[in-house]
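Everything below concerns the one structure shown next.
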Amino acid sequence: MAVSQNKLVQWIDHRLPVFTFLDHELNQYPTPKNLNYWWNFGSLAGVMLTIMIVTGVFLAMQYTPSVDDAFQSVERIMREVNYGWLMRYLHMNGASFFFIVTYIHIFRGLYYGSYKAPRELLWMLGVVILLLMMMTAFMGYVLPWGQMSFWGATVITNLFSAFPGIGNDIVTWLWGGFAVGNPTLNRFYALHYLLPFVIFAVVGLHLMALHQHGSNNPLGIDRKGPQDSVPFHPYYTYKDMFGLSAFLIVFAIVVFYFPNLLGNPENYIPANPMQTPPEIVPEWYLLPYYAILRAIPNKLLGVCAMFASIFVLFIVPWLDTSKVRSAYFRPIYKWVFWLLVIDAFALGAVGAHRPEGIWIVIGRVGTIYYFLHFLVLMPLIGWFERPLPLPPSIAEAVLKKRGGGALAGAAATRTKP
Amino acid sequence: MAESAHSQTADAHAAGGTRRDFLVITGNALLGIGAVAAAWPLISSMNPARDVLAAGAPIDVDLSSLQPGQQILVLWRSRPIFIVHRTPAELKKLQDPQDISLLRDPDSNVLQQPPYVKNWHRSIKPEYLVLVGICTHLGCIPEFMPQPGGSLGPAWLGGYFCPCHGSRYDLSGRVFSGVPAPYNLPVPPHHFVSGTTVRIGENPTTSPFDFDSIEQI
């Protein structure tokens, strides 16, 4: 079937089937008709990745990766370069918003069981993207070479010194010297430029895995026929664009009115290797992991727990023993899910405070609950929980929910002889 | 009901378009405007930044220690500027009709200088020549070789020789015929704030001139 009447399009498509590909993945790609707004966040993450790469490339044209010039070059971008302030605030706050939409995207997957068969690899590729994002964000935060950049880099790279025997050698290798310095800044810059394109490639694989079986949906049941789905374009392209418009309004409000809301004022002081700031705090999106690191009063175990808190996500598809995907039909797991959300926020708050008094207690309880959720509750609940009855199909559930049955009735009458 | 919806659509078609056409066209138009608005700051950021423009401010050069026959090189807007103190003999040579006949543009007709230096010596004061030291061929810096003859052979009259592709200019920056460079060396805006102090990058108050309007740097 020809994708277009246009002769040029046909000529190209015969040799390079890009139009057939787009037609197949957009116009013909069947999508569950019952997706809610939580399904907007995947495309929002894609838009954020694009915004970060574009603003990042233009910022890179102005930035100087050298311990003597880095801080000044960022201030120059803010004061001298045309619209430099805009590009930097978009990039800086863009990182935060990228994490916001990605975290919502991940929790959506956890609630609706989007990681279950046959979407295990889709989920695992997502975790890879999260890991790459965290590395990229951390290295990007080092580039302005403020106090928090320098000491954040020092603390995070020192995590590797916890490994017995080779730890110190690893840290020296990471630094390219005997402390965080010019070689460290240069390699972080090179990698900060490289990794987003690696993320881009993994996103490609993520989409490939997604399109193999299509999106999960709020009911968590498979599509059974054409009555359960609509083509991705125009239905979800427009829904995504509407969601994007709303999201960009919020993004713009922060960028234009509260550009330093999510930043740390300490990072507007040039790096001083002779003085550590009174409090070292990572960016907000890394706070829960930082809290887990500090919750355990043993250097090596703390580091291991922090890495484990992310790696446990890789095996979530096998930890969850329930056959039902959506928490909508899982009366117990539904509540446990919200406890995990509260736990994540609590750990974030713990990470933002000095490890003193009540914060130590909350940090330890939060850390224990985090692992309890994934390693104990997820497998156990799947065994003893009695899920609610699943609807026979997406179409029937949707029509029933609309309360009408009018259309269904009309369809029924039409089929009568 | 279905029938009335159908006839409405038909009416709209007859009127020249449907509501959907209107929405699609206005939506796409807004999308295009948005794309241009988003691209504008990024493209603009690649233009010279404000500190770069500020570095293009006029500079003052004291010529009191510049001896006849000498050249100094200063930097204005990141470009090499030649300032030469020419001897009377060299000035006399610039007027030699036989030498002039070898030049491509002896009367400086091409806009390569402000109008107030469009004269035989291409300068405000005959002895002090101010040039942008960038060959009009492909941007190399020509060498100052004021002595006739020498390594360039007996035909060399003294002037500027570009080592990249052999372009030749006389001692007022006028290009010779038969070399790759098409135009005379540019003269930047300048004026004398005192007898021996020249301000480069600023026109005399009575003669406005836009340096960006010259043919080629």
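The values are calculated or read from the model by the stated rules, or taken from the named source; none is laboratory data. These figures come from a predicted structure and were not determined experimentally. Cβ placement follows ideal geometry from the backbone for every residue including glycine, while neighbour counts extend to all protein chains displayed.
Pairs are defined by a Cβ separation below 7 Å, a sequence spacing of at least 6 or placement on different chains, a first member in region B:126-149 that is over 17 Å from B:Phe176 (Cβ atoms), and a second member that is of a type in the set (S, T, N, Q); the pairs so defined are B:Val130/B:Ser123. Of the strands (runs of 3 or more DSSP E) lying entirely inside region B:134-217, those carrying at least 1 residues that are acidic (Asp, Glu) are B:143-145. Counting only strands (runs of 3 or more DSSP E) that fall entirely inside region B:14-130 and contain at least 2 residues that are under 20 Å from the mean Cα position of the chain (by Cα) and buried (at least 17 other Cβ atoms within 10 Å of the Cβ), the qualifying elements are B:79-85. Among the residues making up region A:162-190, those that are closer than 23 Å to A:Gly140 by Cβ and of a type in the set (Gly, Ala, Ser) are A:Gly176, A:Gly177, A:Ala179, A:Gly181, A:Ala190. Scanning region A:92-102 for residues being more than 15 Å from A:Val54 (Cα to Cα) and either within 14 Å of another protein chain (Cβ to nearest Cβ) or of a type in the set (Phe, Trp, Tyr) (or both) gives a total of 2. The test for being more than 11 Å from the chain's Cα centre (by Cα), at pLDDT 95 or above and within 14 Å of chain B (Cβ to nearest Cβ) holds for A:Tyr89.
Does A:Tyr328 meet the test of being in a helix (DSSP H, G or I), closer than 30 Å to A:Pro65 by Cα, in contact with a helix residue (DSSP H, G or I) (Cβ under 8 Å, 6 or more places away or on another chain) and of a type in the set (Ser, Thr, Tyr)?
no
If the condition is being of a type in the set (A, V, I, L, M, F, W, C) and surrounded by fewer than 18 Cβ atoms within 10 Å (Cβ to Cβ), then region A:236-253 contributes A:Met241, A:Phe242, A:Leu244, A:Ala246, A:Leu248, A:Ile249, A:Val250, A:Ala252, A:Ile253.
So, in region A:61-77, of the ones that are among the aliphatic types (A, V, I, L, M) and within 11 Å of another protein chain (Cβ to nearest Cβ), which residue ends up surrounded by the fewest Cβ atoms within 10 Å (Cβ to Cβ)?
Selected residue: A:Met61.
Within region A:26-55, being away from every other protein chain (no Cβ under 11 Å) and either within 24 Å of A:Ile269 (Cβ to Cβ) or of a type in the set (A, V, I, L, M, F, W, C) (or both) holds for A:Leu26, A:Leu35, A:Trp38, A:Trp39, A:Phe41, A:Leu44, A:Ala45, A:Val47, A:Met48, A:Leu49, A:Met52, A:Ile53. Taking region A:267-302 as the range and being in a helix (DSSP H, G or I) and under 17 Å from A:Ile368 (Cβ atoms) as the test, the residues that pass are A:Pro288, A:Tyr289, A:Tyr290, A:Ala291, A:Ile292, A:Leu293, A:Arg294, A:Ala295, A:Leu301, A:Gly302.
Residues are listed down the side, and each one gets a yes or a no for (1) modelled with pLDDT of 90 or more; (2) not assigned by TED's automatic domain parsing to the domain that holds B:Phe144:
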| position | (1), (2) |
| --- | --- |
| B:Thr9 | no, yes |
| B:His13 | no, yes |
| B:Ala35 | yes, yes |
| B:Thr87 | yes, no |
| B:Leu102 | yes, no |
| B:Tyr116 | yes, no |
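This table checks each residue for (1) under 24 Å from B:Leu171 (Cβ atoms); (2) at pLDDT below 95; (3) within 14 Å of chain A (Cβ to nearest Cβ).
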{"site": "B:Asp21", "(1), (2), (3)": "no, yes, no"}
{"site": "B:Val24", "(1), (2), (3)": "no, yes, yes"}
{"site": "B:Asn47", "(1), (2), (3)": "no, yes, yes"}
{"site": "B:Asp51", "(1), (2), (3)": "no, yes, yes"}
{"site": "B:Ser64", "(1), (2), (3)": "yes, yes, no"}
{"site": "B:Ser78", "(1), (2), (3)": "no, yes, no"}
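Considering region A:255-266 alone, what residues qualify as being modelled with pLDDT of 95 or more, over 18 Å from A:Leu49 (Cα atoms) and part of a helix (DSSP H, G or I)? Within region A:255-266, A:Phe256, A:Tyr257 meet the criteria. Can you tell me which of (1) assigned to a helix (DSSP H, G or I); (2) free of Cβ contacts under 8 Å to residues at least 24 places away in the same chain is the one A:Val81 doesn't meet? Result: A:Val81 passes all but (1).
Residue check: A:Val74 meets all listed conditions (1) within 25 Å of A:Phe200 (Cα to Cα); (2) part of a helix (DSSP H, G or I) but one, namely (1). Within region B:95-117, not a single residue is more than 30 Å from B:Gly158 (Cβ to Cβ) and touching a helix residue (DSSP H, G or I) at 6+ places or on another chain (Cβ under 7 Å).
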